[in-house]
1. Find the residue count for the stretch 345-380, including only residues that are touching a Ser or Thr at 6+ places or on another chain (Cβ under 6 Å) and β-branched (V, I, T).
2. Just give me the residues in the stretch 106-139 being more than 45 Å from the chain's Cα centre (by Cα) and crowded, with 23+ Cβ neighbours inside 10 Å, in sequence order.
3. Tell me which of these P538 doesn't satisfy, since it passes every other one: (1) in a loop (DSSP other than H, G, I, E, B); (2) at pLDDT below 85.
4. May I ask you to list pairs of residues, at least six apart or on different chains, whose Cβ atoms are under 6 Å apart, with the first in the stretch 85-113 being over 21 Å from G144 (Cβ atoms) and the second being not hydrophobic (A, V, I, L, M, F, W, C)?
5. Here is a list: E662, E649. Which entry is farther than 17 Å from I718 by Cα and out of contact with any helix residue (DSSP H, G or I) (no Cβ under 6 Å at 6 or more places or on another chain)?
6. Looking at (1) in contact (Cβ under 8 Å) with a residue 12 or more places away in the chain; (2) in a helix (DSSP H, G or I), find the lone condition where I404 falls short.
7. What's the number of the condition E30 fails, among (1) farther than 20 Å from M117 by Cα; (2) at pLDDT below 90?
8. Out of V378, V374, which single residue is in contact with a Phe, Trp or Tyr (Cβ under 8 Å, 6 or more places away or on another chain), under 30 Å from H394 (Cα atoms) and either exposed (fewer than 10 other Cβ atoms within 10 Å of the Cβ) or among the aliphatic types (A, V, I, L, M) (or both)?
Amino acid sequence: MADKEANIYIVDVGASTAECRNGRMESDLEYGMKYVWEKIGLALQANRKGLGLGVIALRHDETKNDLDSGEGYENIAVLKDLGQIEMSHLKDLQKKFVSSSTDYGDAMSAMILAVHMIENFTRLKTGKLGKFKRKIVLVTDGQGIMDDNDLKSLAEKVNELEIELIVVGIDFDDLEYGFKEEDKPSNKRSNEKVLQELVESCKNGTFATMAEVLESLAEPVVKVTRPYCNYRGKLSLGDYNKYPDTAAYIDVERYFKTHQARPPGASSFVNKTSVSNGEASGQDTEMTDAPDLSAVKSGIRYQISDPSAPGGKQDVNREELSKAYYYGSTAVPISASEENVTKLETNQSFEIIGFIPNDKYERYLNMGECNITVAQSVNDKAKMALSSLIHALHELDSYAVARIVTKDGKGPQLLVMAPSIENEVEALLDVPLPFAEDVRIYSFPPLDRVITTSGAIMKKHRNLPNDDLVKSMSDYVDSMDLSGFGRDENGEPTEYMTIEETYAPGLHRINQAIRTRAVQPDKPVEEPPEILVKWSHPPPELVKKAAPKLQKLVEAADVKKVADKVRGKRTRDQIKPLSGLDVNSLLNSQKPRAARKITMENSIPDFKQLLEATVSSSEIHDLVTQMAKIIYKMVANTAIGGSFDMVTENMRVLRSQMMDLEMPEIYNGFIRDFKQKLVAGELFENEFASNKRELWFRVVKSKRLGLIDTEVSEHSDISKEEAAQFYVLSTELPSRAK
């Protein structure tokens, strides 16, 4: 496949495209631009210098093209010349794609112009055509005037330049797809036939209706990376330099077979305008506008402690520093000369060091991505030798173990190499193996038996499944088998989830969101396409089929529904006395329910004991109200040179008890009212107003008397930021200095 591309999109913007047809709530132009914007977004996201893209507007109000001096090229405007597309081009195109006020403009002339632009763009200075993948896409509603006199010559030129021609029609008939427009205008029917005849005359042509094309856009585009050779040299069996008579080697090339695709990270980009404002104001930067994004560049400064320098730190150059490595918690410095001793001097090599049966290899030993090793393309002797090795490994059901150093000075890797004979390609597939330092040994208790502290082995235990449960689980797993649940074209059982149809949802979903936000910033990101979420849940037919097996499994496992957690009940385990007596119940039973009041002298014990005996939320609210009144009285009584220790202790107990009962909103209401009364001066007489700041300072200092936020209790609706802001007083309070 050619690395370079030259693609031109011809978009019909005639007056007829402003109408909404066939029950759609959007115009024909907006309907067709869904396809064009998606393709432009993919080209922009690819960010390849060799990907040239041009845009032509057909039936435009203006005439702007290189062939405008000739007859028949009126009302055709080149909105973007053929070349790499950037965000600035995208913003410009978004303003220009509007329906025009004319129906004049010939689609054939627009395609001739596109062929002319591609030929000039891809022809080398020597006069020969370069290695490009050329494509012309026409998006039209077929309502314009079309001259078919140059149909044959246009098809010949398209075939000569090896251009792929794609015609996408809005509401064009497609019997294979199952779409036919009723009451079609006669000129549109005629234009459809002309365009279909043109496509059939081209060697690489496609004729499609817009509904089918938009449906196909839901399928993610898989990026095919260029083959990259990471090793080119000899694959040896033995040391051919030391033992030339007995050792052997094969001239090979090693390429990446698989490579993990990762979604782009937002932390790699930052908004230019926000950076300048953030540096000036000391605020965090925020990404707001995609065109202003720029890549983040890292900068490192080295500083040492210096009391005489400003700020106690002094900048030093990297050359003046020595490397250090942690040994436990101690940094051990090591000079450059000493560090050279630790480096392993390696030379480029690729050698087989052994063989193992493939049934002895464990899959969990794979440590990285797969590579493929093939013989050098122009070396027949190497091809024959490598083929012999591959067939020998295949016939003996064995793998080869090899050591590779891709470049001089690089660290060595151990590989396990498996034979591959597929599609007439013979190769060795390899994955990295772990070194001894990479292996971690963890011990876990056995799953089929219980070993007691005395060493006895128990085969039957409440934590072990019985035979009935094991059989029920096995039957349920077999009933949910997907390997043959799919159906092929003939209705025969086949694999349900094929590798080709299984996509990474996170990767493609993020890319879809980025394209939508770049092309249409004001439009919300659509729901993920069905093809991405299809495999996130089992097929309903299979679930229904396996339902009886699941019910037997539920019965065998004695699965029971866990009762909903009741708020207002304590979550902490209560300490039981050795006597077994419920002391709290005995104490509370001594008082009639109507006489259960909290006393100021014994407020904390009374509050805790009465909470233990509560049976409704109304009683809890009543006790909290009593406790709040006592706290307010304590504040007033300790204003005259007293200590606020009892006040803060009562508040702490109140907060703790409400957290245990999972009712943080009650305490949050109290502390808000407490702050409001404190600021308003309702808790002190005027002559003791200076104690306001002292009391609030005690609340802030404790850090455990403020609002209960979501990090402390999952039942709270207060955010961490709101809880932190609560400690700030919005009014001026007197200080001791006044």
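The values are calculated or read from the model by the stated rules, or taken from the named source; none is laboratory data. Keep in mind the model is a prediction, meaning the values are calculated, not measured. For neighbour counting, all protein chains shown are included, and Cβ atoms are generated from backbone atoms with ideal geometry for every residue, glycine included.
1. 0
2. none
3. All conditions pass for P538, except number (2).
4. Within 6 Å, the pairs are M87/P291; H89/K80.
5. Working: E662 fails: farther than 17 Å from I718 by Cα.
That would be E649, the only listed residue that is farther than 17 Å from I718 by Cα and out of contact with any helix residue (DSSP H, G or I) (no Cβ under 6 Å at 6 or more places or on another chain).
6. (2) is the only condition that I404 fails.
7. Condition not satisfied by E30: (2).
8. On the way: V378 fails: in contact with a Phe, Trp or Tyr (Cβ under 8 Å, 6 or more places away or on another chain).
On inspection, the qualifying residue turns out to be V374.
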